[in-house]
Structure formats: C-alpha cells, structure tokens
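**Student:** Following this message is one structure expressed as structure tokens.
Please treat every number below as a calculation from the coordinates, not as lab data. Bear in mind the structure is a predicted one, so any value in this text is a computation, not a measurement. When we count neighbours, we look across all protein chains shown, and the Cβ atoms used for this are built from the backbone with ideal geometry, even at glycine.
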Amino acid sequence: MSVWNFLDGGCSAPEKPKGLRERLLYWLGRKLALRHKHVVLPESCLIHPGAKLNPRNGKIVFGENCVVAEGAIIQGNVSFGDNCSVQAYTILVGYGTIDKPDGQIAIGSGVRIASHGMMIAGNHVFEDPDKPIHGQGLVYEPITIGDDVWVGGRVNITAGVSIGKGSVIGGGSVVTRDIPPASIAVGVPAKVIRKRE
C-alpha cells in the first residue's frame, strides 16, 4: 500500500477534503504542482499528489474548482477553464513555449475528461524515409475543447482538433476531425451520430 492510498482512502478522484488526511493529501498535491513556476493553480483546485504536472517550456493554467486525479499526466502548454475534471491515467501533452504556444491544449469550463484518455498536440514529421523519424522534428497543432464537453474513457483526441461546446465524445473514440457544438460523436475515427439539440 502506498502512502497515497493511506491518505486518499483508496479514492483516486479528489473530492472535498473531509478530514486531516485528505487536507494533507491535497496540500501535498498542490505543493508538488506549484514547485514549477509556470503552473497557475487557484486555491479551490484539488490535485492528487499522484498526478504528474510539468509545464516544461510552456505553462499550465487552471481555472477555479478543477480536479486532477491520481495517475493523470499534464505536461507542456495546457489551460483549463473553471470546474473541470481530469480522471485517472489520462495524458494531456501540449507543446510550444510561453511566448509561442502553438501546440497548446485549451480546455473550456465545465469539461469532464474520463480515465485513460489522451490528447497530444503535436505529431512527428516522417516525410523523408531516408532519415530516422526521431530526427525529423515535430509539428505542433493546438487542441481546443469547448465549454461543457464530456470526453469519455479511453478517448484519443489528435493534434489540430477542436470539439465544440456541449459535445459528448463516446468512450474509446479516436477524434481526428473537428466536432461541431452540441454533437454526440463515437467511433474510430469519431463521427457525429446525432445532435444534443
């Protein structure tokens, strides 16, 4: 049993602290996140200390009342609106720098991101077959998630994609194209199956 399991009582998703153990847990999660100077984290946010946050050359910005669960990885240029949640073992990787956030992941308010999802705002260049892929560099493209979006479990959202306000992305989907507002999209690749209106 890890020290996190003792402090969180086995609950991976942060919830309002009920006692000393929980307050200690989220105090520690906050301290670990803020050891990086380019992390903006309001007091109302709950970060599990088992999450890994690192802005690298960019900046991670949280709005009010955000929650990050154990095992989540958030790196590079990533921004959140208010009242967002990132569940266990989801990976969000933004690219670029503070001055040039061309590979930023921008997440609106009220967004729910379920477990084991992945958003990576960059792709390897691989056009020259005579050069190793790792030596050809990366192309950065932003990912934008509108307000009030639910991203289901195991969803992969690729670089350059925008998901419109109020949409739902079904579990296991791979999103390779923009999704209009108020859409329900599922599949590999994800396709809109109906509108929430």
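**Student:** Can you sort Phe62, Phe126 by how many other beta carbons sit within 10 Å, fewest first?
**Tutor:** Values: Phe62 26, Phe126 12.
With the fewest neighbours first, Phe62, Phe126 line up as Phe126, Phe62.
**Student:** Determine the percent antiparallel among the DSSP beta bridges restricted to the chain, to the nearest 5.
**Tutor:** Numbers: 8 of 46 bridges.
Bridges in the chain are about 15 percent antiparallel.
**Student:** Rounded, prolate or oblate: which fits the stretch 50-103 when a ≥ b ≥ c are the square roots of the eigenvalues of the alpha-carbon gyration tensor, with rounded for a/c under 1.5 and prolate only if a/b beats b/c?
**Tutor:** Values: a/c = 2.52, a/b = 1.46, b/c = 1.73.
Oblate shape, in that a/c is at least 1.5 and b/c is the bigger or equal ratio.
**Student:** Ranked by Cβ crowding within 10 angstrom, fewest neighbours first, how are Trp150, Trp27 ordered? Don't skip to the end; give the middle numbers.
**Tutor:** Numbers: Trp150 16, Trp27 13.
Least crowded to most crowded, the residues run Trp27, Trp150.
**Student:** How far is helix 20-34 tilted off the main Cα axis of the chain, in degrees rounded to 10, range 0 to 90?
**Tutor:** So the inclination is approximately 40 degrees.
**Student:** For the chain, what does the helix formula give at 222 nm: sum of -39500 (n - 2.57) over DSSP H segments with n ≥ 4, over the residue count, nearest 500 deg cm²/dmol? If you can, show how the numbers build up before the last one.
**Tutor:** Working: 2 runs with 21 residues, N = 197.
When only DSSP H runs of four or more count, the value is -3000 deg cm²/dmol.
**Student:** Where does each of Arg194, Arg56 land when they are ranked from fewest to most other beta-carbon atoms within 10 angstrom?
**Tutor:** Working: Arg194 11, Arg56 16.
Listing Arg194, Arg56 from fewest to most nearby Cβ atoms yields Arg194, Arg56.
**Student:** Considering only the stretch 156-197, what is the antiparallel percent among its DSSP beta bridges, to the nearest 5?
**Tutor:** Working: 4 of 9 bridges.
In the stretch 156-197, approximately 45 percent of DSSP beta bridges are antiparallel ones.
**Student:** Using only alpha carbon positions, build the gyration tensor of the stretch 3-195, then give the equivalent ellipsoid semi-axes as the square roots of 5 times its eigenvalues, largest first, whole angstrom. Don't skip to the end; give the middle numbers.
**Tutor:** Numbers: eigenvalues 158, 87, 43 Å².
After scaling each eigenvalue by five and taking roots: 28, 21, 15 Å.
**Student:** What is the diffusion coefficient of the stretch 130-185 in µm²/s, taking the Kirkwood radius over Cα pairs and the Stokes-Einstein relation at 10 °C with a viscosity of 1.306 mPa s? Before the final figure, lay out each step's value.
**Tutor:** Values: Rh = 12.3 Å.
Using the Kirkwood radius from Cα pairs, D works out to 129 µm²/s.
**Student:** Below 8 Å, C-alpha to C-alpha, sequence gap of six or more: please give me the relative contact order for the chain in percent.
**Tutor:** Values: 590 pairs, mean separation 22.8, N = 197.
Relative CO of the chain lands at 12 percent.
**Student:** With no solvent and one equal point scatterer placed on each C-alpha of the stretch 61-166, evaluate the Debye formula and give log10 I(q)/I(0) for q = 0.10, 0.11, 0.12 Å⁻¹, two decimals.
**Tutor:** Computed log10 I(q)/I(0) values: -0.28, -0.34, -0.40.
**Student:** For the stretch 45-154, give me the percentage of DSSP beta bridges that are antiparallel, rounded to the nearest 5 percent. Before the final figure, lay out the partial values.
**Tutor:** Values: 4 of 29 bridges.
Here the antiparallel bridges make up roughly 15 percent for the stretch 45-154.
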